[in-house]
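First up is the structure itself, then whatever we jot down about it.
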Amino acid sequence: MTTSAAGLPETLEGLRAAAEETRLRILALLAEGELSVSDLTDILGQSQPRISRHLKLLVEAGLVDRHREGAWAFFRLGERAGPAHILRAILPALDRADHQLAADRARLGEVRNQRALAAKAFFERLAPQWDRIRSLHAPETVVEEAVLEAIGSKPVRSLLDLGTGTGRMLQLLAPHATRAVGLDASHAMLSVARANLEKAGLTRVELRQGDVYAPPFARGSFDLVVLHQVLHYLDDPARAVREAARLLAPGGRLLIVDFAPHALEFLRSAQAHRRLGFSTEQIAAWLADADLDCRLTREIAPPQGGADELTVTLWLGEDSRVITDWPLTAANREVA
């Protein structure tokens with residue numbers, strides 16, 4: 001992720017936008033993680049129109065980023081604009097013992113507790129179904145260890161988890177990335193992911209609502225994209241693989257985690273699975289069609305190895321393009 005340098009006019013504009021009590025309180029809260037207008041209204045005890053006006057000024061000054069999630073809008077500290085970069089150096093200097101800031105953080109804690117309770121209620125409704133599926137394949141800890149081994153020690157500058165669901169892959173991988181983003185079509189699932197990430201202390205992870213067939217990101221934006229237990233829900237998984245590959249920077253990697261072929265038909269009706277697993281040849285062909293080399297395939301056997309259990313498979317595709325410094329400029333070509 002690149003950050004543009006701030007010139008004098010942009011810096012002055014940013015500092016002027018921040019130089020108001022409510023706006024500075026908003027910025028201090030957003031330093032703790034992304035929030036909605038409703039969250040900020042509850043925390044600050046001010047009207048929604050007033051909070052919205054403050055946020056509009058902060059967005060226009062490049063200090064805050066805004067993104068939509070269905071009918072909701074979420075805000076977070078800016079990542080790319082120069083003034084936002086300067087602000088991130090200033091906010092830690094605020095006195096955390098200040099009574100107003102401390103009171104804001106206390107109310108922020110209450111908002112997060114409400115999210116956690118909503119996430120817990122959501123899980124309690126789904127837990128019996130999910131527990132049944134988990135019992136059919138290797139423990140999650142084993143799968144997650146395999147995920148970390150597959151990714152290895154190669155630096156991850158920008159990570160995207162497509163179909164992030166509860167955000168578990170973000171919890172596992174975001175600490176290893178400079179930037180981490182999760183995308184899901186469901187506002188309900190994003191609410192659960194947001195609560196889980198906040199509980200894990202991962203406040204700078206970005207969550208976006210969107211379609212895996214049309215992810216709202218520029219080509220070449222990420223050097224690691226993850227599709228974890230997503231493809232079997234899709235009508236056109238090959239298309240999702242192509243879209244994921246399109247988002248990879250040169251040398252980037254796509255990690256797919258899903259089930260090997262199986263015959264558990266009940267998963268179609270009980271869990272809305274569209275596909276009953278994928279063969280290694282099928283995934284490898286999709287990766288090849290997306291101009292990715294299949295660098296790794298690993299199968300993780302179920303607990304008992306029975307026919308009525310699920311084998312989890314990992315596939316790691318890699319973009320074969322490389323970034324070189326030749327030819328870099330017209331002058332280089334003239335020298336050549």
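Quick check on segment 253-295: of everything there that is hydrophobic (A, V, I, L, M, F, W, C) and surrounded by fewer than 16 Cβ atoms within 10 Å (Cβ to Cβ), which residue is nearest to Asp235 (Cα to Cα)? Of everything passing the filter in segment 253-295, Ala272 is nearest to Asp235 (Cα to Cα). So Gln229 clears everything in (1) polar (S, T, N, Q); (2) at negative phi; (3) in contact with a strand residue (DSSP E or B) (Cβ under 9 Å, 6 or more places away or on another chain) except one condition, right? Which one? Of (1) polar (S, T, N, Q); (2) at negative phi; (3) in contact with a strand residue (DSSP E or B) (Cβ under 9 Å, 6 or more places away or on another chain), only one is false for Gln229: (2). Given the condition under 22 Å from the mean Cα position of the chain (by Cα) and part of a loop (DSSP other than H, G, I, E, B), answer yes or no: does some residue in segment 11-30 qualify? No: zero hits.
Yes/no per residue for (1) of a type outside the set (S, T, N, Q); (2) touching a Gly at 6+ places or on another chain (Cβ under 8 Å):
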{"position": "Ala249", "(1), (2)": "yes, yes"}
{"position": "Leu264", "(1), (2)": "yes, no"}
{"position": "Ala270", "(1), (2)": "yes, no"}
{"position": "Arg274", "(1), (2)": "yes, no"}
{"position": "Gln282", "(1), (2)": "no, no"}
{"position": "Ala288", "(1), (2)": "yes, no"}
{"position": "Arg298", "(1), (2)": "yes, no"}
{"position": "Ala301", "(1), (2)": "yes, no"}
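Any residue at all in segment 92-106 that's in the same structural domain as Gly45 (by TED's automatic domain parsing), assigned to a helix (DSSP H, G or I) and modelled with pLDDT under 90? Yes, the conditions are met somewhere in segment 92-106.
Selection of helices (runs of 4 or more DSSP H) fully inside segment 166-267 by the criterion of at least 1 residues being within 23 Å of Pro139 (Cβ to Cβ) returns 168-173, 187-199.
Got at least one residue in segment 63-82 being modelled with pLDDT under 95 and part of a helix (DSSP H, G or I)? Taking every residue of segment 63-82 in turn, at least one turns out to be modelled with pLDDT under 95 and part of a helix (DSSP H, G or I).
The residues listed here are Asp211, Asp236, Asp184; of these, the one that is buried (at least 18 other Cβ atoms within 10 Å of the Cβ), in the same structural domain as Glu140 (by TED's automatic domain parsing), of a type in the set (Asp, Glu) and free of Cβ contacts under 8 Å to residues at least 40 places away in the same chain is Asp184.
Confirm whether Leu160 is modelled with pLDDT of 95 or more and either in contact with an Asp or Glu (Cβ under 8 Å, 6 or more places away or on another chain) or in the same structural domain as Ala245 (by TED's automatic domain parsing) (or both).
Judged against the criteria, Leu160 is a match.
Would you check if Arg88 is assigned to a helix (DSSP H, G or I), closer than 22 Å to Gly109 by Cα and modelled with pLDDT under 85? Taking the combined requirement at face value, the residue satisfies it.
The values are calculated or read from the model by the stated rules, or taken from the named source; none is laboratory data. Keep in mind that what you see is a predicted model, and the values were worked out from it rather than measured. Cβ sites come from the backbone with ideal geometry, for glycine too, and all protein chains shown count toward neighbours.
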